[in-house]
Structure formats: C-alpha cells, structure tokens
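Report on the following structure.
Values quoted throughout were computed directly from the atomic coordinates according to the rules given, and no laboratory measurement underlies them. Just so you know, these numbers come straight off a predicted model, no measurement behind them. Backbone-built Cβ (ideal geometry, glycine too); neighbour counts: all protein chains shown.
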Amino acid sequence: MSLDKTQSTLSRALYTTISGMIVQNKRMLIIAENLANAGVRNTVAGQKPYGRRIPSFQTFFDKKSKSQLVGLGKIQKDRAPFPKVFAPEDPAADKDGFVYESNVRAVLEMADMREAVRSHEGCLKAYERILLMLQNTINLLKN
C-alpha cells in the first residue's frame, strides 16, 4: 500500500464523517421544528394542523471527494392520526365540534433528538480520531 492511498483513504473518511455530522444537524433542525409545533391546533375549520415531519437518509458517491457520503433523503409526513379535541366554541371546530391538534408527540421527538445527538457525537469522535491519525502520519514523516 502506498502512502498516497493511505492519505486518500483518511481524507475520504473525513468527508464521510463530516457529511454524517451535517445530516444529523439537519435532522435536529427538523426535530426542533416538530417540537415547536407540538400541541398546535388547526386555525381554520376543515384544515389540518402541523403534521409531524420524519427525515430519511440516503447515501451517495461524491465524485469530487471520491467519498461515500450520507445526505438527507425525502422528508415524509407522519401518517399518525391527528388527535381530536372537543371544543364546539372554537371557530376552527368542524361540524361535530372537534378541533384537530398536531400529531407531534414530544416524548418521541425527544428520543429522536437524543439519538441524533449520539450519532453526531459518534461522527465527531471518528473525525477527531482520523485527524489524530493524520497528525501521527505527519509526525512520522518528519522523523
């Protein structure tokens, strides 16, 4: 194995870990948006309130960095039903007197947030290890 291939492999690993951190940051942004809309009700009769969004991930090959990276895939709407609250006096109530609330469950969002944070931390640790390996390689070449 030549030195160039080793450096190239470490560089590609850096790109991959960085893409992992970026996608986890985007995931946390979507989770924060979901949390901000937890418990929100519809404001107009017949309309649905904010629907929980679920991010997905996809891998792709980046020709420029020659690396396998991860990116944000489709963001889907949660198909869970919207909870109904009986409030006939509310102007947004339907003909039966129900108002719909967002289908965001804060406990589930917090669990997703914890998972995203741990994934981000894992990528960060890998990034730090790769930098250390690169530094060790440079130090070996100096001697």
Subject >> Count, lysine Cα pairs under 27 Å in the chain, 8 or more residues apart or across chains >> reply: 25
Original post:
Which of F60, G97, L10 sits closest to the plus end of the dipole of the chain, meaning its Cα is farthest towards the positive end, when Lys and Arg get +1 and Asp and Glu get -1 on the C-beta?
Top reply: L10
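Evaluate the Kirkwood expression for the hydrodynamic radius of the chain, namely the inverse of the mean inverse distance over all pairs of different C-alpha atoms, and round to one decimal in Å.
Details: mean 1/r = 0.0548 Å⁻¹.
One over the average 1/r among Cα pairs gives 18.3 Å for the chain.
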Original post:
Anyone know which of I30, I22, I75 comes out most mobile in the 10 Å Cα GNM of the chain?
Top reply: I75
**OP:** Fewest Cβ neighbours within 10 Å first, please rank F82, F61 accordingly.
**Re:** F61, F82
Original post:
How big is region 72-137 by Rg and Dmax over its Cα atoms, in Å?
Top reply: 22.1, 72
Original post:
Taking the Cα atoms only, what angle lies between the long axis of helix 106-142 and the longest principal axis of the chain, rounded to 10 degrees?
Top reply: 10
Original post:
So what's the back-of-envelope 222 nm ellipticity for the chain, counting only DSSP H runs of four-plus at -39500 (n - 2.57) apiece and dividing by all residues, rounded to 500?
Top reply: -18000 deg cm²/dmol
Original post:
Put +1 on the Cβ of every Lys and Arg and -1 on every Asp and Glu Cβ in the chain; which of A80, L131, G39 then has its Cα farthest towards the positive end of the dipole?
Top reply: L131
